[in-house]
Amino acid sequence: MKTFAHDSQAGHSPGFFLQRGKVRRNFEIPARAAALEAALHRLGLAPEKAPPFAPRALESVHRADYLDYLASAATEWAKLPDPGPEAVANIHPVPEMVAQGGRTGANIIARTGWYTADTACPIGPGTWEAAKGAAACALAAAAEAAKGGTAYALCRPPGHHAYAGRAGGHCYINNAALAAQALRDAGAARVAVLDIDSHHGNGTQGIFWERGDVLTISIHGDPDNYYPWFVGRTAERGAGAGDGRNMNIPLPFGTPDEGWLDALRYALAPIRDFKADALVVALGFDASKDEPLGALAVTEEGFSRAGQMIGALKLPTAITQEGGYNVDLIGTLLERFLTGWSQA
Ligand SMILES: [Zn+2]
């Protein structure tokens, strides 16, 4: 198995995080990637540097105006009078505004509200380069999968909450969606995206909502009590050509290995029925029982069994790293997952 990482992640070190009305330390920190990279070395899977991608590659799943925003946000923000160190929205367009023709002007405060879903995706000077580095890893892993192999992309920042035109929840570029589209473009007729991060993969669902050629499945904590709050329920099944091509499996808080692995078993059947030519796994570790902001209660052994079960599909696969914020544990969980995979 090839693995890919990138140095530019270290330049993205978000500080701002708003939780229950308190500004707290952001936990999507560079040390996460360092812990995961150390695990890859322990496994003898030292990561390669992902090659640069074609200039317009990100437009395969993202809007050009949104990418322009991401590229310029930190610079434009710094020109504001007395700005904070990162671009963080203080207003978002509510549905009533959009329904009445609401739009964004050129002001960076308006654009930040328009192009971000929440306050959990601050944009600092190194964010855009890091997001592009993570995307490069996802594309490199997809290229390996397109050749029939399996590869792991150490994506930081993560991606599955990013929509075609909106950042959110620590995510800017949707790495899993990018990998899935790259596999389609490389000739796979049908691609499945399986998201086992403990949060609903709402951005990926949004990007492929009306697509019949990409099956999206997410197993996550119940959004009645958990981010992203407004979506992630079983009734969301896609629309148009994508009707029936989206599956959400929300789980009650505290679901242990047994329930989580049952959900995974339940998710693998439609991937087989879909006759996917390739798979993207959006791999988060925040379903861990030791996750600081966790919803589920999966053990190390649970992640090992998940790796084995998904690996047993024997599909060409690009694995993209998503969340998981227990820095002391996520390296071990990656080791267990990939070791389980190798035993499939
Ligand atoms: Zn997550």
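I'd like the full set of residues that are of a type in the set (A, V, I, L, M, F, W, C) and closer than 24 Å to His6 by Cβ, limited to segment 311-344. Write out each step before concluding.
Initially, segment 311-344 is screened for residues of a type in the set (A, V, I, L, M, F, W, C), giving 312-313, 315, 318-319, 327, 329-330, 333-334, 337-338, 341, 344.
Matches in segment 311-344: Ala318, Ile319, Val327, Leu329, Ile330, Leu333, Leu334, Phe337, Leu338, Trp341.
Limited to segment 168-216, what total is found for residues that are open to solvent by 10 Å² or more (accessible area, probe 1.4 Å), in a loop (DSSP other than H, G, I, E, B), in contact with a strand residue (DSSP E or B) (Cβ under 6 Å, 6 or more places away or on another chain) and within 15 Å of Val281 (Cα to Cα)?
Counting residues in segment 168-216 that are open to solvent by 10 Å² or more (accessible area, probe 1.4 Å), in a loop (DSSP other than H, G, I, E, B), in contact with a strand residue (DSSP E or B) (Cβ under 6 Å, 6 or more places away or on another chain) and within 15 Å of Val281 (Cα to Cα) gives 1.
In segment 217-228, which residues are assigned to a loop (DSSP other than H, G, I, E, B) and either within 13 Å of the ligand (Cβ to nearest atom) or open to solvent by less than 10 Å² (accessible area, probe 1.4 Å) (or both)? Talk me through it step by step, then tell me what you get.
Initially, segment 217-228 is screened for residues assigned to a loop (DSSP other than H, G, I, E, B), giving 222-228.
Result: Pro223, Tyr226, Tyr227, Pro228.
From the list Phe303, Phe285, Phe253, pick out the single residue that is under 22 Å from Ala177 (Cα atoms) and of a type in the set (Phe, Trp, Tyr). Let's see the steps before the verdict.
On the way: Phe303 fails: under 22 Å from Ala177 (Cα atoms); Phe253 fails: under 22 Å from Ala177 (Cα atoms).
Exactly one residue qualifies, and that residue is Phe285.
Here is a list: Arg265, Arg237. Which entry is without any contact (Cβ under 8 Å) to a residue 60 or more places away in the chain, in contact with a Lys or Arg (Cβ under 9 Å, 6 or more places away or on another chain), open to solvent by 10 Å² or more (accessible area, probe 1.4 Å) and more than 15 Å from the ligand (Cβ to nearest atom)? Talk me through it step by step, then tell me what you get.
Details: Arg265 fails: in contact with a Lys or Arg (Cβ under 9 Å, 6 or more places away or on another chain).
On inspection, the qualifying residue turns out to be Arg237.
I'd like to verify a number: residues in segment 10-25 that are farther than 20 Å from Asn326 by Cβ and in a helix (DSSP H, G or I), how many?
1
In the list Leu334, Leu338, which residue meets the criterion of being of a type outside the set (Gly, Ala, Ser), part of a helix (DSSP H, G or I), within 16 Å of the ligand (Cβ to nearest atom) and in contact (Cβ under 8 Å) with a residue 60 or more places away in the chain? Lay out the reasoning, then the answer.
Numbers: Leu338 fails: within 16 Å of the ligand (Cβ to nearest atom).
Sole residue among the options that is of a type outside the set (Gly, Ala, Ser), part of a helix (DSSP H, G or I), within 16 Å of the ligand (Cβ to nearest atom) and in contact (Cβ under 8 Å) with a residue 60 or more places away in the chain: Leu334.
The values are calculated or read from the model by the stated rules, or taken from the named source; none is laboratory data. Everything numeric here is computed off the predicted structure, so don't read it as measured data. Every residue, glycine as well, gets a Cβ built from its backbone with ideal geometry; the counts of neighbours run over all protein chains shown. Please note that ligands, DNA and RNA were not included when accessible areas were found on the heavy atoms of the full protein model with its side chains. Shrake-Rupley method; radii C 1.70, N 1.55, O 1.52, S 1.80 Å.
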